[in-house]
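Working notes, beginning with the structure itself.
Nothing in this text is a laboratory measurement; each read-out follows from the coordinates by a stated rule. Since the model is a prediction, treat every value here as computed from it, not as a measurement.
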Amino acid sequence: MTSATRIPWNTPRSWVRVNRRLSAALALAGPRLADVRPEAADLLSRMTILARDQQRLAETTCPRCPEPCCRVATIWFDRQDLVFFHLAGLAAPPGQPRPDPDRPCRYLGHRGCRLPRLRRPWICTRYLCPTQRLRLNREPGPDGLRDMGTTVKVLTQRRRHLATAITQLIGTAWEGFEDVVR
């Protein structure tokens with residue numbers, strides 16, 4: 001992506017504001033979330049398994065990577081990421097990974113990502129580099145990654161369903177969230 005990429009909630013003020021507004025909207029929805037909270041818990045459980053297996057794979061492929069994806073990919077937390085964090089009881093990270101698309105991810109440390117896998121953007125959770133895909137094709141991988149395509153489809157579908165349900169339950173709560181983009 002180019003520097004023209006518009007990353008939402010890319011300032012400290014807008015990041016805090018969007019998370020406070022979402023938290024308040026979900027609190028107001030209260031009992032109407034009863035049917036959605038178990039879905040969030042189920043999604044958290046599935047993502048925990050996937051994250052564990054991805055961590056094992058990353059430990060064998062990422063340390064020798066000549067060009068970490070975190071240095072070149074323009075990524076950010078989207079609405080679905082934020083809804084998931086709030087419903088799953090996970091604290092949102094301190095800010096967007098790349099508030100400026102021309103800089104590398106702020107969470108990239110000398111040993112890889114400093115964020116726990118469950119608190120990373122969804123795109124980072126589901127991404128497998130060519131080296132990892134090759135390794136999974138050649139060797140039996142961790143159970144959660146053996147059929148990564150199916151796993152990703154299930155998780156993506158559940159996340160979209162979850163976000164849709166929340167948006168319907170809190171009605172227009174997302175209206176006005178775009179005004180805190182910058």
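Between residue 111 and residue 28, residue separation times 0.36 nm minus the direct Cα-Cα distance comes to 25.8 nm. Extension gain, residue 127 to residue 90: 0.36 nm times the residue separation minus the Cα-Cα distance gives 11.2 nm.
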